[in-house]
1. Condition first: out of contact with any Gly (no Cβ under 6 Å at 6 or more places or on another chain) and over 23 Å from R103 (Cβ atoms). Can you find one or more residues in segment 47-55 that meet it?
2. With modelled with pLDDT under 95, farther than 18 Å from W31 by Cα and out of contact with any Asp or Glu (no Cβ under 9 Å at 6 or more places or on another chain) as the only criterion, which of I207, I127 stands out?
3. Given the options L85, L107, L121, name the one that is more than 16 Å from ligand 1 (Cβ to nearest atom), closer than 17 Å to I240 by Cα and in a loop (DSSP other than H, G, I, E, B).
4. For segment 245-269, name all the residues that are more than 13 Å from ligand 1 (Cβ to nearest atom) and either aliphatic (A, V, I, L, M) or touching a strand residue (DSSP E or B) at 6+ places or on another chain (Cβ under 6 Å) (or both).
5. Let me confirm something: among V82, V93, which residue is surrounded by 15 or more Cβ atoms within 10 Å (Cβ to Cβ), out of contact with any helix residue (DSSP H, G or I) (no Cβ under 9 Å at 6 or more places or on another chain), hydrophobic (A, V, I, L, M, F, W, C) and modelled with pLDDT of 95 or more?
6. If you take just the helices (runs of 4 or more DSSP H) that sit entirely in segment 1-53, which of them hold at least 2 residues that are touching a residue at least 60 places away in the same chain (Cβ under 8 Å) and buried (at least 16 other Cβ atoms within 10 Å of the Cβ)?
7. Pairs needed: first member in segment 154-182, in contact (Cβ under 8 Å) with a residue 40 or more places away in the chain; second member anywhere, assigned to a helix (DSSP H, G or I) and hydroxyl-bearing (S, T, Y); C-beta distance under 6 Å; at least 6 residues apart or different chains.
Amino acid sequence: MSLNQLQYARDLDLPSREAMLQRAPSVQQFWDNNTDVLSNAWKEWEDNNTDNLFTLDSSLIDKNLREAVMQAWENPSKELAVKDLLKEVAPDVFQFQFFDPERLADLRGYLESVWDAQIPLRPPYGIVLNRRGAMLDKRSEGYLGAPSFQAFYREILDTYMRPISRLLFPEVMGYDTQTFGFSIHYQPNTDNSIRPHTDASAVTMNINMNLPDEAFSGSELDFFNPTTHQTKRLSFKPGIAMLHRGNVAHAAQPITSGERTNMVLWLFGDHGRLPQQGGERVAISAQERWTIPTDPQDDYAPF
Ligand SMILES: O=C(O)CCC(=O)C(=O)O
Ligand SMILES: [Fe+2]
């Protein structure tokens, strides 16, 4: 690796917001042409900053959740202690403390340093383009390629999200081999809401990263119940995760003051496969749930 990859990456001209929104071929070319440069730049950036970057590890995760999950990995028959921490707040929508609010400043500090690295990052442009968000999974162009972040991201998905999802929604088993993730940031005058939609995931875990003193108003998530036609409106608190099947329609209300920062994680099957709606439910054992699939990560990206 030549030592100036970081500078080279910083000097690249990012495609315009308009070109990104229009999915212009030049945008795809930009990321394709620079995949290796960007990956090397993230490594170089991390090597240069080992002394002043926060260490991302499981100590950022809520202690009760961490301990229950660790016990379940040691002895899957103890998984009910994990389930006891998950609260059903709308039909098939579960909420629980994921990050320790007191430690979120460290995670956010890390993400601020990532922003300050000035390495091109591809903002999420799924339904809308979220300007101050980033793609988190290696399958996505312009993803946050810092090796220490990637290790932490993988731990969240493999150690926590997948077995918890299987505990709540057994039919996702086998449709949870592939991972996807992005961060989003809302503020009143730019990106402030997201219209009703479903996710192209088997299951979604959406975690709030606001600091305890970062208040906001509005920006609730609405979950639509197709059977009762009722809407459940839910608010995030620092470190809280909401976990739901991808096919549950949801929307974010406009944020009216403050800012909200979230990390959104998806699981789906190889090549984007999703469980059949109303498909047959095969019982799976606790032993099977607390495992990590050996399927290689493919390069299918939903957006
Ligand atoms: O506003 C949120 O936290 C939800 C975002 C969302 O549903 C999505 O990006 O798919
Ligand atoms: Fe969504």
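The values are calculated or read from the model by the stated rules, or taken from the named source; none is laboratory data. Owing to the predicted nature of the structure, the values given are computational and were not obtained by experimental measurement. Positions of Cβ are generated from backbone atoms using ideal geometry, with glycine treated the same way; all protein chains shown enter the neighbour counts.
1. Checked segment 47-55: at least one residue is out of contact with any Gly (no Cβ under 6 Å at 6 or more places or on another chain) and over 23 Å from R103 (Cβ atoms).
2. The unique qualifying residue is I127.
3. Exactly one of L85, L107, L121 is more than 16 Å from ligand 1 (Cβ to nearest atom), closer than 17 Å to I240 by Cα and in a loop (DSSP other than H, G, I, E, B), namely L85.
4. Of the residues in segment 245-269, the ones more than 13 Å from ligand 1 (Cβ to nearest atom) are 256-258, 267-269.
Passing the criteria: T256, S257, G258, L267, F268.
5. When all the criteria are applied, what remains is V93.
6. The helices (runs of 4 or more DSSP H) meeting that bar are 5-11, 25-48.
7. Partner pairs satisfying both residue conditions: V172/S165.
Yes/no per residue for (1) modelled with pLDDT of 95 or more; (2) within 9 Å of ligand 1 (Cβ to nearest atom); (3) touching a strand residue (DSSP E or B) at 6+ places or on another chain (Cβ under 9 Å):
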{"position": "H197", "(1), (2), (3)": "yes, yes, yes"}
{"position": "P212", "(1), (2), (3)": "yes, no, no"}
{"position": "A215", "(1), (2), (3)": "yes, no, yes"}
{"position": "L243", "(1), (2), (3)": "yes, no, yes"}
